[in-house]
1. Using only the alpha-carbon atoms, what does chain B span along each of its principal axes? Please give whole angstrom values in decreasing order.
2. For chain B, modelled as a Gaussian network with Cα springs under 10 Å, which listed residue fluctuates most, B:94, B:299, B:145?
3. In peptide A:275-288, what is the residue-averaged number of other protein chain Cβ atoms found within 10 Å of each Cβ?
4. Rounding to the nearest 10 and keeping the result within 0 to 90°, find how far the Cα-based axis of helix B:354-365 lies from the longest principal axis of chain B.
5. Projected onto the charge dipole of the stretch A:272-337 (+1 at Lys/Arg Cβ, -1 at Asp/Glu Cβ, origin at the Cα centre), which of A:275, A:296, A:330 gives the Cα projection farthest towards the positive end?
6. Would you kindly calculate the translational diffusion coefficient of the stretch A:135-190, applying Stokes-Einstein with the Kirkwood radius from alpha carbon pairs, for 4 °C and a viscosity of 1.567 mPa s, and quote it in µm² s⁻¹ without decimals?
7. Dividing the alpha-carbon radius of gyration of the stretch A:330-379 by 2.2 N^0.38 Å (N being the number of residues), what value is obtained?
8. Can you give the convex hull volume per residue for the Cα atoms of the stretch A:44-83, as a whole number of Å³?
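All of the numbers you see were taken from the coordinates with simple rules; none came from a lab. As the structure is a prediction and not an experimental result, all values here were calculated from the model. Neighbour counts are summed over all protein chains in view; Cβ atoms, including those assigned to glycine, are modelled from backbone coordinates with ideal geometry.
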Amino acid sequence: MDFSFSEQQDELRRAARRFLQSESSEARVRSAMETEQGYDSRVWEQLSEELAWTALTIPEAYDGLGMSYLDLHPVMEEMGRALLCSPFFATICLGANVLLVGGNEAQKEQHLSAIAAGKTTATLAYAEKGRENGADAIRATYEHAGDGYVLRGDKRYVIDGHTADLIFVAARSEHSRGIEGVSVFAVPANTRGVTRTWTPSMDQTRKLAAITLDRVVVPAGALIGEEGRGWELCERTLDLARIALAAEQVGAAEMCLDMSVEYAKVRKQFGRPIGSFQAIKHKCADMLTMVESARSAAFYASAVAGQGEVDLGEVASSAKAFCSDTFFHCAAENIQIHGGIGFTWEHPAHLYLKRAKASEVLLGEPSFHRERVAMRMGL
Amino acid sequence: MELQLNEAERAFQRAARAWLEEQLNGPYKDLQGRGASGDQDSYIEERIAWGKAMGAAGWNCIGWPKEFGGRGCSIKEEAIFNEEYVRANGPGNVGHIGETLLGPTLIHFGSPEQQQRFLPPIVSGDEIWCQGYSEPGAGSDLANVQTKATLAGDEWIIEGQKIWTSGAQYSDWCFVLCRTDPEAPKHRGISYILVPMKQDGIEVRPIKQMGGSAEFAEVFFDGAKAQKDHVVGGVNNGWKVAMGTLAFERGASTLGQQYLFKQEFEQVVEAAKKSGAAKDPIIRQRLAHAWIGLKVMRVNALRMLEHQGADLNREALISKLYWSNWHRDLGKLAMDILGPEAEILHGAPYELTRMQKWYLFARADTIYAGSNQIQRNIIGERGLGLPKEPR
Ligand SMILES: Cc1cc2nc3c(=O)[nH]c(=O)nc-3n(C[C@H](O)[C@H](O)[C@H](O)COP(=O)(O)OP(=O)(O)OC[C@H]3O[C@@H](n4cnc5c(N)ncnc54)[C@H](O)[C@@H]3O)c2cc1C
């Protein structure tokens, strides 16, 4: 394994930064986040059609570019840096990964090229109301009905769930518990009985939705992977998504650091730049130390994911825990370093603080992930 | 998360492993694991002999260029060797100051005569060096050194005092930062002088550390002599030379150090399982956090080693601050895991267990080689371009 980004990956990063500087400027982020849809359709078209980001990790057989998970890493960092409002994370890091991990040939053919082309957006609905992150979070049920299945339940915190075209739903057979009996189904959003409601949230830059499934009937072909083995599929998908999210957190944390440093150089008090006071300088030094270390954690996880490692649990949880702590820390320090202006609606610092908190609890908060690492350490 | 080795590197690794195993299970068996931090004053003579054996077998200074007696090994090969050394439980290396600090300084700044005189005995393990920087009034503010050197004929006459000098008790030589021009601004009047330790004008008084051992000392210079031409890099140019020494720290040793940390960490995990602390959710969180931190440290180091170019990249700048805090926290965690048993000594009067030793010694990690605060200044200024401290 190489421990630095390749020239090609650096180029992807530069291109992403150029694009996002204009298409995901602060003003553009603010206007996108104020809509219910939560993103600018024009930008989605550009990034899927012109930049082909949606095709990056999709295999060539399904009209993708067949690039590695590590190739995605710099792009994720840049999206985080720019706080891009986009269904990218839900569609690629959750939706497409469900299919890549567990889909059969027909299912992949049916959906992946549309996803690669940006024509279909997707998401994964697994969590339900509460703070549970493991398989116990899944209480929605399915039962056999004729050739197909009937789903019932109430999903929460579904990323871009109110706009996604295709929803992968995790449900369990009645009376099953824990990791047993979980299955995953592909449910087109317009299926009868599916009700989707945007749930406005503190972080406006990534939308969450509630999805109720009221006797939703799906055909046999909707089952992804083996019946009853859905938790494994969910876990691997979630781990892949956590790794991408960790990379996104690194980029956003670094942006907080950059904002802080820039401000510390120009803001003067007591006749000198505040960055000359150690109380501020040392905060920045600690932020840099955390950002580079978080980058190491996420980089390693992305690299391992690209190599097809079977159990991603430890690296994914390590990266997610470390990068969550880092992003939140940097976002919070950024506000402190900015003083009063950092507390205003007008200044972007709060957008990062809010994204940091939302990302921290998304797909498992740090303590959940550390416990998961502890289990894998044999503790 | 291993280093990726090619065939030649694997052969190198096998050779190192074979030699270390043979020696450390044979003639130098007693030295396994001795002389680490907190235990540096034990087995001195045996460890000096060990250094010579390493030299005779070609394992000292392997990263130095061949023309200076090294093997011209790559950073990666050095890292391989350091890992093997720790794996084999190699003893604390009494020659490391000569190998990692003075040698590279001479290679870079020394005259050909100085190089010929001083480098070979470092490679062979025949001469042991110590670092005479800190003084009672010059710690972090190193440029404030007051120890004075005055030229009298062919010799420098040195008056003053150094403190915290690691290994002064058994060193043959010391590189001493001396004030040679009291009139000049403080960074300009300093010289880097090579001083023999075994002479009448020098008195060494060991200082007992919190762990009970005496790994450093006060060094008093009262008319001590050094040869006129044993100034490195020119008279009054010592500040530049001293700063250069810092830049030679390229981090190949960090992988070896991390291997050591990993061993320590594993002991802590074992202790947690044994004592039942591993069932405590908060201890579990802390252990997982430490484990994640250790792996991150390793990737940081591997990224640092892959970085090409002379400049220090960000991973290098953060390295000291990161590892020293990690290690200090692990020490505390180890004690928390042991509970009341953590207090019980190995024996009277004050014989510490291995874990107690590194727990206590880790309190120094955040002080020497640039304290945490100084590291943050450096990161802030060199890494982020923030305004400089008053000097
Ligand atoms: C185990 C050990 C081995 C050592 N070995 C050697 C050796 O072999 N040779 C040698 O020359 N020295 C050696 N030292 C000395 C070491 O380099 C000094 O202790 C170190 O430079 C700090 O200096 P000081 O102890 O005088 O503390 P001070 O410099 O007085 O620092 C005291 C406190 O003030 C803080 N501080 C100082 N300046 C600033 C600043 N500008 N901004 C913010 N905070 C500041 C420090 O971070 C620290 O917390 C050793 C020290 C230890 C602990």
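1. 70, 49, 45
2. Its mean-square fluctuation being the largest, the pick is B:299.
3. Numbers: counts 6, 7, 2, 6, 0, 2, 11, 9, 2, 6, 15, 7, 3, 9.
Partner-chain Cβ atoms within 10 Å, mean over residues of A:275-288: 6.
4. Roughly 50 degrees, rounded to the nearest 10.
5. A:275
6. Answer, rounded: 109 µm²/s.
7. On the way: Rg = 15.4 Å, N = 50, 2.2 N^0.38 = 9.7 Å.
Dividing the Cα radius of gyration by 2.2 N^0.38 Å gives 1.58.
8. On the way: hull volume 2.4 nm³, N = 40.
Taking only Cα atoms, the stretch A:44-83 has a hull volume of 59 Å³ per residue.
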